[in-house]
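Below is one structure, written out as structure tokens; the observations come after it.
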Amino acid sequence: MSGGVRAARVGARATDDLLALALSRPRDALARARSVLAGRPDPHDASVAHQAAAIVMREFGDVKASVRELREALRLARLTGSADRETDVLASLGVALVWAGRTKPGLAALDQAAQRSTGVLAARVLVRRGITLVTLGRYHEALVDLRHAVVVLRRDGDLLYTARALNARALAHLAVGSTSRADADFAAAGLLFAEVRQELEAVYTVSNRALVAFASGDLPAALAYFDEAAPSYRRLKVPTTALHIDRCAVLLAAGLARDAVTEADTAVREMEQIRGRFTKKAELLLMAANCALAAGRPEAAQDWAQAAYRLFRSQRSAWWQAHAARVLVQARHETGPPSAALLRQADRAAAELDALGASDAAQAHLLAGRIALGLDRRDDADRHLVAAARTRQRGPALPRASGWLAEALRAEAAGQPGRMLAACRRGLDVLDEHRYSLGASELRAQATVHGAELARLALRHAAAAGRPRQLLTWSERWRATAQSIPPVRPLADEELNASLAALRRATRRLDEARSRGLPATSWQRRLQRLEGTVRASSLHAQGAAGPGRAVFSPADLLDELGSAQLIEVVDIDGQLHVLTCAAGKIRQFVAGRASEAARAADFARFALRRLARSRPGDDPDSALSILAVAGPRLQQALLGSAASQLGDGPVVIIPTGKLHPIPWGLLPALRDRVVSIAPSAGAWMRARAAAVPEHRHVTLARGPGLASDGAEVPLVAQMYDDVTVLSDSTAAAGKVLYALDGAWLAHVAAHGIFRADSPLFSSLHMHDGPLTVYDFEQLQRAPYRLVLSSCDSGVLAPAGANELLGLVSSLLPLGTAGIIAAIGPLNDHAVVPVMVDLHRSLRAGRTLAEAIYDVRRRLGADPVQQATAVSLLALGAA
């Protein structure tokens, strides 16, 4: 008898905290539950062990196994004769059944548990029912349960369940738009979870606070919270499906559609591997559909949205079903023409979201308005656009901008261009405020995608009206705007600097392993992790309040040009329009298609690459014949009839973002004139105004591994008096960066790498590793003039609406007035005489654009040197 009592007491002690441990350290809880069950536990302890195991399985995604464990726990609870034990298990079973997609029996179990309990136990049941109602999108019902539960649990001093109730109540508050209440509840829940040492649930509050930051429009803070939570998820070995879903939403808002699609794909694979819970699978499919839409994959979006809709319908979740319906209509709209049936579906989705009080209702009305416009049903369109436009005066920036877009579409349909342009202007102003909150140049650039349609509406109107000054003004309004915002320099970010240094070490070790034929996989993985850390640190940067956007004035531009002329190329729905600005006038021309220009540019760069990589004895004739054809083709596509209207003075070219890497020297009309390139007319004017350093200090650096060993550097050094030369071990990234800071003229001869997949990791190869865009962004004073004798150093990746990311794009906002950079590979030997000749002209007082023109004019017949000179562009204004 006494032995049996002793065994029972030991068993009771073994299960006392097992249920709490299941949501603190799930792996430990599962191991302990199995240990208890491996013995000879009485029905009470066995019931607790099965329930704890079930909770862990539910969190780890195996919901079917969780339901089986809970049914066994319920059977054993009934054997104990304890009504409270049975009620507690019944409530857990109700949650698991709902998560398994069996909504009706799950809610019935929770209702039964609530009816059978009183006091604190009843409050605990209400917490679980409230969590389930939140999952189903029944937020107002959830708030009723959770408010009552918080009062009872606080009064009883039940810290753990009070924290759970606060966390669930915060989710409900957040869903109905009460962000301040949600954040207060999450913060309070986090403190309580920490006090009772609930590790996993404490982590949940961190990722949940990311949702509050997101809903408040603070994207850097949201990303920082997610990145703070992720290591704990991994440490506790808990599925990260919910984290992926929420992070996808933030990435989409940040304009990072490609990242969001990657995140969604990862989450879908993880969910399939772990047989994830039914409700989260539906949410994940819906998020994947949203990501696919943003990435321009409407067919995939339609498949995912349809699957999500079916799952939500089986769960009887009206909230989520209405959201899935809206996404499904949008995917169908993007894959086919508008139809009356599609409009009815959009109308129904908008009405359902309105009835639910969902914030997505405005997007549904905007979509329905678009479909109605496509069907020329003006009354229906106006009704929906009026509803969508209500968000323009309140709330976070992105919904307000969408509201102004709805107002602009409504004004356009009504034939009121003045009102339409005013709405476009207001919407873009809202997005300017949004981008000022972002510190990372990548986020600032990508966020412009949200203003693309507003800008496109205004550009279409100005082009059709034949008003070149208005077209120029609107082209400048949403072109290279990220560069006009004061940069946020992350100099004091120790984590970022440490990660950049580690990245250089890893790159060097990777290169060494490859050169010796040794396995390099581990170093490659380490490099990828470090790149992720660097990028994450950058994205967390908060924006800084600036002086506001400078208003562009065509009159000021014309005054600044003097004898020069400026050509701005504008892409409107794939058709290129050309604006020529000179002698106090702005004229408008129609050129070719953007696709034709892109093909001709690819054709030309292919030939230039062949010449750059040619060796003595190679026949250059075929490459030269390609260039002879490519030049006129480029001119016709890019300039059209505007080419014959150019005067004799210098030319400033403002290409579109996607047409930036053009070998402009190949165009017949530009071959014999001074040409410079800028991302916008505003950027060119700012470069003109850049302060010239008092001291004419010159910095020269050469990296390792060049076939010529950077032979131009010692020759150029002889031309200047005040000069610093960095080579070999002194040409380390940190030393080069320090020497570049504030230099009057800098020249770097190094291997250049352009990263199309991640342009801010484009780099110059220095002695200790890559000098990346992230490094350049930390300069306090960018060099006034910079010559990059490096392959691909001038290649920029288009981003957002009409932005550019790459090495040189980071320097112009920091005060660099002019840059010489290459839009392709450079022949290491041919570049030496080209660069020496370039500096002769600079030494004589010529600008960068004039100097590269002098070089091309003085070149002999060597085709490789000619290709080298054509591949070099003068960027900026110095």
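Couplings 3J(HN,Hα) for segment 501-509, derived from phi with the Karplus relation 6.51 cos²θ - 1.76 cosθ + 1.60 (θ = phi - 60°), are 5, 5, 4, 5, 5, 5, 4, 5, 5 Hz, where x marks Gly and Pro. Per-residue ellipticity at 222 nm from helix content only, as computed over the chain with -39500 (n - 2.57) for each DSSP H run of at least four residues, stands at -20000 deg cm²/dmol. For the chain, the longest principal axis of the Cα atoms and the long axis of helix 298-315 meet at an angle of about 10 degrees. For the chain, lysine pairs with C-alpha atoms less than 25 angstrom apart, excluding pairs fewer than eight positions apart on the same chain, total 8.
Comparing Cα centroids, segment 567-584 and segment 136-193 end up 56 angstrom apart. Think of a 1.4 Å ball rolled over the protein heavy atoms: the chain then has 40 Å² of accessible area per residue.
Averaging the Cα positions of each part gives two centres, and for segment 209-235 and segment 388-442 these lie 27 Å apart. The separation of segment 497-557 from segment 71-133, counted between C-alpha centres, amounts to 50 Å. Ordering 446-452, 824-830 by mean Cβ neighbour count within 10 Å, with the highest value first, yields 446-452, 824-830. Based on the Stokes-Einstein relation at 20 °C and a viscosity of 1.002 mPa s, and on the Kirkwood radius from alpha carbon pairs, segment 552-681 is assigned a translational diffusion coefficient of 139 µm²/s. Oblate is the label for segment 70-166, because a/c, from the alpha-carbon gyration tensor with a ≥ b ≥ c as root eigenvalues, is 1.5 or above and a/b does not exceed b/c. Taking the 1.4 Å solvent-accessible surface of the chain as the whole, the part contributed by carbon and sulfur is 50%.
Here the alpha carbons of segment 503-580 define both size measures, Rg and Dmax, at 23.9, 62 Å.
How big is the C-alpha Rg of segment 14-80 next to the rule-of-thumb value 2.2 N^0.38 Å, as a ratio?
That ratio works out to 0.97.
For the chain, the share of DSSP beta bridges that are antiparallel, to the nearest 5, is 55%.
Against the chain, whose longest principal axis is taken from its Cα atoms, helix 159-175 shows a tilt of about 50°. Relative to the longest principal axis of the Cα atoms of the chain, the long axis of helix 119-135 lies at roughly 40 degrees. Here, segment 622-765 has an Rg and a Dmax of 18.9, 53 Å when only alpha carbons are counted.
When peptides 692-702, 779-789 are ranked by their average number of other Cβ atoms within 10 Å per residue, the highest-first order is 779-789, 692-702. One equal scatterer on each Cα of segment 334-463, no solvent, Debye formula: the resulting log10 I(q)/I(0) at q = 0.18, 0.19 Å⁻¹ is -0.98, -1.07. The protection proxy used here, the mean number of other Cβ atoms lying within 10 Å of each residue, ranks peptides 794-801, 136-143 as follows, highest first: 794-801, 136-143.
For the chain, report the translational diffusion coefficient in µm²/s to the nearest whole number, using Stokes-Einstein at 25 °C, 0.890 mPa s, and a Kirkwood Rh over Cα pairs.
81
The values are calculated or read from the model by the stated rules, or taken from the named source; none is laboratory data. Quick caveat, the model's predicted, so the values are computed rather than measured. Cβ atoms come from the backbone with ideal geometry, glycine included; neighbour counts cover every protein chain shown. Keep in mind that these areas ignore ligands, DNA and RNA; they rest on the heavy atoms of the full protein, side chains included. Shrake-Rupley method; radii C 1.70, N 1.55, O 1.52, S 1.80 Å.
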